[in-house]
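The values are calculated or read from the model by the stated rules, or taken from the named source; none is laboratory data. Model, not experiment: these values are computed from the prediction. In this analysis, Cβ positions are derived from the backbone assuming ideal geometry, glycine residues included, and neighbour counts consider all displayed protein chains. In case anyone asks, the SASA skips ligands and DNA or RNA and just uses the protein heavy atoms, side chains included. Shrake-Rupley method; radii C 1.70, N 1.55, O 1.52, S 1.80 Å.
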Amino acid sequence: MSLRQVPWWQWLGFGAGIVAFVAMFLPWTALQAADPEVAEALRELPAGDVVRTAWHSGFFAWAAPILLLVAGVAAVVFGQSRVARVNGLPHLWLIVAVLSLLLLVLGWWLIDWQFSEDQRGVLQAGGVSIEPALGRFLGLAAAVASVAGSVFDVRAARARYGAKR
C-alpha cells in the first residue's frame with residue numbers, strides 16, 4: 001500500500017473522521033439565555049453544567065463521529081485493496097456516512113432530550129435555551145464531507161470495476 005495512491009476523496013473521508021473525532025472534545029451543547037441576569041447566572045455556574053461535549057450529550061452526539069472516524073480510516077487503509085473495493089467497501093462507507101449524518105440530524109432535533117423533563121421545565125421557566133455549539137456544527141460538516149467523499153468513491157469503484165450484479 002502506498003499513501004501516494006490514495007485518492008483525494010478517501011483522504012477527504014479520513015480528514016472528516018479526524019475532524020469529527022476532534023470535535024467530540026469541543027462544546028456540543030450550550031445553555032444560553034437572552035435575559036442578561038440569567039446569562040450572568042449561567043456564566044457563574046461550573047462549565048460542565050452549562051456546556052457539554054459530545055461525550056456528555058448522549059448517544060446521538062458521540063456515535064456518529066466514531067463511525068465517521070472508523071469509516072475514514074477504513075477508506076484509506078483498505079481503499080486500495082481490489083478485494084475490499086469489489087466486495088463493497090465504497091458502498092459500506094456510503095452507508096456509514098449517511099447513517100452518521102442521520103444520527104447527527106436526529107441528535108440535533110432531540111438536543112433537549114439530554115436533560116430530564118423536570119430539568120427542561122426549569123430551564124424553560126428560567127428563560128434558558130438549549131443550543132447547539134461549535135462541536136455539533138463541525139461534526140455535521142464532517143458528516144457531509146464524508147458523504148461527499150463516499151459518493152465519489154462509489155462512482156470511482158463503479159467506473160473501475162463495473163456495477164456488481
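Table for the structure above
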| read-out | value |
| --- | --- |
| Hits in region 111-144 (condition: within 21 Å of L92 (Cβ to Cβ) and open to solvent by less than 30 Å² (accessible area, probe 1.4 Å)) | G139, A142, A143 |
| Residue list for region 148-165, restricted to those being part of a helix (DSSP H, G or I) and either touching a strand residue (DSSP E or B) at 6+ places or on another chain (Cβ under 9 Å) or open to solvent by 30 Å² or more (accessible area, probe 1.4 Å) (or both) | A148, V151, F152, R155, R158, A159, R160, Y161 |
| Tally of residues being β-branched (V, I, T) and over 14 Å from Q10 (Cβ atoms) across region 71-95 | 3 |
